[in-house]
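The values are calculated or read from the model by the stated rules, or taken from the named source; none is laboratory data. This structure is a prediction, so every number in the text was calculated from the model and none was measured. Cβ placement follows ideal geometry from the backbone for every residue including glycine, while neighbour counts extend to all protein chains displayed. Just so you know, the surface numbers come from the protein's heavy atoms only, side chains and all, with ligands and any DNA or RNA stripped out. Shrake-Rupley method; radii C 1.70, N 1.55, O 1.52, S 1.80 Å.
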Amino acid sequence: MAEEGKADEQLFQLLSGLLHQVETLTNQEEVELRSKIEALGLEVTKVPSKSTQLLDELEIAKELDKLSAKLDDVDEMISSAMASDPQVQSLLSGTADVWMPVITATADERRNFTSSIADDNPNAQAKGSD
């Protein structure tokens, strides 16, 4: 579970970094996109309460629909940014090999991905154990 949290944290750090680069390149602050990324990051990393763990199938479906709608909003914002600015498209396309595997992976694949990063980078393990 902690490994999945690290992968999520890395993903949102990457998204924030990419957004910062876009803002720097365009000299425009993307307040709405930044707030949506932050909100999605909080939603993904928040620990469910005990009562949430006892949801029935209908309630789970409703929660999944809400999360899906949030993801659709982020997707729409990214798509419109890419369509309106070739620099954004170039930046996202040029870094897709970094972020696409993370966001399309299953939870198990993300855990394995995080483990392989830690294996490849002994400094990351030292920092993580502090």
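A few notes on this one:
- In the context of the full protein assembly, residue 6 retains an accessible surface of approximately 90 Å², using a probe radius of 1.4 Å and ignoring ligands and nucleic acids.
- Of all aspartates and glutamates in the structure, those lying under 19 Å Cα to Cα from residue 6, and not within fewer than 8 positions of it along the same chain, are 38, 43, 97, 108, 109, 119, 120, 130.
- Point-to-point label distance, residue 69-residue 99, nm (Cα→Cβ direction, 7 Å offset): 2.4
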